[in-house]
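To keep things clear, I will list the structure first and then write my remarks on it.
The values are calculated or read from the model by the stated rules, or taken from the named source; none is laboratory data. Since the structure is predicted, the reported quantities are computational estimates derived from the model, not experimental observations. Ideal geometry is used to build each Cβ from the backbone, glycine not excepted, and the neighbour counts take in all protein chains shown.
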Amino acid sequence: MKYSKCYELVKIFYRSIVKIFENFKRRIRSQERYPKSLEDIEKEIYQLSNIDDILNYILKYYNIYYSINKLNTVMNLAIIQRKRESNSQFSLKLMVQLYVYILLKYNGESKKDVVTSDEIEIFLLFINALQNNISNNQVEQSIQDRRSDSLQSYLSYHFNFRKELWEYYEICRMFDNEARKQYGFSIYENFDKLLYIICNVKFRLDGLVCSCSQFSDRELDEIFGGIDYSKLFMATSKNMEVRYLTSSIQILGGSIGIKRNLTYFLPASEHILSSIEQKLISSSNNKGDILEKELKTILENYFDADNVYQSLYLKTSKKEEQDFIVISGNNILLIECKARDFKEIPFNQKMSEERRQQLFKKVVLAASEQAERAKQYILNNEIAIFTDKKGSTERLRIENIKSKKIYKVVVTLDDYYKLSEMAIDYFKDRNRNDLIDTWIVNYFDFQKIIWHSGIEKIFDYISYRTSGIETIRSIQASEIAQYGYYISPNYNFIPPNGCNIEVNLMGRFENWSLPFEESKNELVLNNTIFKYQKEKQHDRPLLSP
């Protein structure tokens, strides 16, 4: 995944983040009190080969030696430090998941915290042990199943968040009515407050960090005013049942934090907003209509409103619907929208593949067949007529078919691993070569690509992506990387299918989209947290994704 880190999300007052960690470590070095050294912990944890044993070791360590308040601060400082280091070997996604996992299962009673200058390093050691264990197990499973082709992209999916801040903001805007229903208030209109509590760091007079993203009822009442914020936090008792580490965010069920007794905790990462995102998408009964409405705005901005036709029906006995038809010169763009919510994929690759096959049939295949029906209808009629739902009013007439070129696109709201990036694999598995010329693309990726390509190049790119190329794959299963390769000097190197040569695209091929991401993120920040921050000059929040 790319890292658009060229900006500071929230300005830090009076001190740099480097000084925060220097003060933190300098203070505790003079008070060190710990039962185990970093070296001893490292020896013990790397003797464990089962992920459940590793997690139990971590929980036992923190339950014995840490109060929940101190534990929250240490983990969040590690998360903040990691977010500043875009090339870090440690998975930010795994760190946030472990944070949630530990707070859900924590049952310690420690009143006397361990004091060690290595406590952030110890947390990172735990992350590294988990990351290595997961990676090694997946390698072994791939060898056993003789399916190593997608291992890197599979691990990348589990170790990297795939969305930017502005995308969470857009989802909250798009599903504002659903948010009001689920949470009792507008997440979109209060996005500034959510960012504020996510990025809040409190300091003592001597510069030492008191807490990160930790609040009392009184503090949250002051921030949210008369808003009932209770659904943002999951109230939990000690040692809650969490079956899998990677399902911890899902267990939050739309919450972004955890309430333990009278204190509220949340991870210091904007990616915890993915919990709200999934809640809104999965709960909405009209997500398809919402996606069509948003896509229509994008299409009209580029192709002009007069060339964009929505909700057309083939003039046949069955009156099949076509979501969008876009006319651009001699080019005809047939677009289907699918807003089904895709779930997190499990670490069991066989189970994951079975789930992908099911979703491919229900979502991607069904939408591709709809677009293909419209294509064949146009090709098989000298004059192709599309009507309203009743069939009584003609809305579009396409003539001179031989001079036209037809393109098929399926736009998804959410993504599921590599269903879109390498849909060709699934089309071929089902012997649906007639559908290989369908471009499957995520809604947000479509925005970025057409922003860069414009209407002049978008049709060429669709032709390229639907030409049956199987030998160019993104390690991150990223359409953004695919487009990055297309516009790169390497474009002419396309290994033929079946020659056992593949081009595996690294994250640098996504860098072309950084200006787009940065401008979108800056706009969100200026409209939310920066504006809110001016009213809270006495607090010193901190956020860098």
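Which ones in the stretch 167-199 are part of a loop (DSSP other than H, G, I, E, B) and either basic (Lys, Arg) or touching a residue at least 24 places away in the same chain (Cβ under 8 Å) (or both)? Scanning the stretch 167-199 gives Phe175, Gly184, Phe185, Ile187, Asn190, Cys199. Each residue in the stretch 457-474 was checked for being surrounded by 20 or more Cβ atoms within 10 Å (Cβ to Cβ) and over 18 Å from Lys408 (Cα atoms), and 3 pass. Just to verify a result, which residue in the stretch 424-436, among those that are in contact with a helix residue (DSSP H, G or I) (Cβ under 6 Å, 6 or more places away or on another chain) and among the hydrophobic types (A, V, I, L, M, F, W, C), is surrounded by the fewest Cβ atoms within 10 Å (Cβ to Cβ)? Residue satisfying both the conditions and the ranking: Ile436. Scanning the stretch 256-290 for residues being buried (at least 22 other Cβ atoms within 10 Å of the Cβ), among the basic types (Lys, Arg) and over 17 Å from the mean Cα position of the chain (by Cα) gives a total of 1. Suppose the filter is touching a residue at least 12 places away in the same chain (Cβ under 8 Å), within 25 Å of Tyr313 (Cα to Cα), out of contact with any strand residue (DSSP E or B) (no Cβ under 7 Å at 6 or more places or on another chain) and of a type in the set (Gly, Ala, Ser); does Ser403 pass it? Yes: the conditions hold for Ser403. Looking across the stretch 437-456, just one residue is over 24 Å from the mean Cα position of the chain (by Cα), free of Cβ contacts under 8 Å to residues at least 60 places away in the same chain and surrounded by 16 or more Cβ atoms within 10 Å (Cβ to Cβ), and that is Asp437.
Scanning the stretch 457-501 for residues being in a loop (DSSP other than H, G, I, E, B) and of a type in the set (Asp, Glu) gives a total of 1. Is the stretch 282-303 home to any residue that is modelled with pLDDT under 95 and acidic (Asp, Glu)? No; the residues of the stretch 282-303 include none that is modelled with pLDDT under 95 and acidic (Asp, Glu). When you look at Ile480, is it at pLDDT 90 or above and among the β-branched types (Val, Ile, Thr), yes or no? Answer is yes for this residue.
Let's see how each residue does on (1) at pLDDT 95 or above; (2) within 22 Å of Met75 (Cβ to Cβ); (3) in contact with a Leu (Cβ under 9 Å, 6 or more places away or on another chain):
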site	(1), (2), (3)
Asn128	yes, yes, no
His158	no, yes, yes
Trp166	yes, no, yes
Met174	yes, no, yes
Asn177	yes, no, no
Arg180	yes, no, no
Leu194	yes, yes, yes
Leu208	no, yes, no
Asp228	yes, no, no
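Scanning the stretch 476-515 for residues that are surrounded by 18 or more Cβ atoms within 10 Å (Cβ to Cβ) and under 17 Å from the mean Cα position of the chain (by Cα) yields a count of 9.
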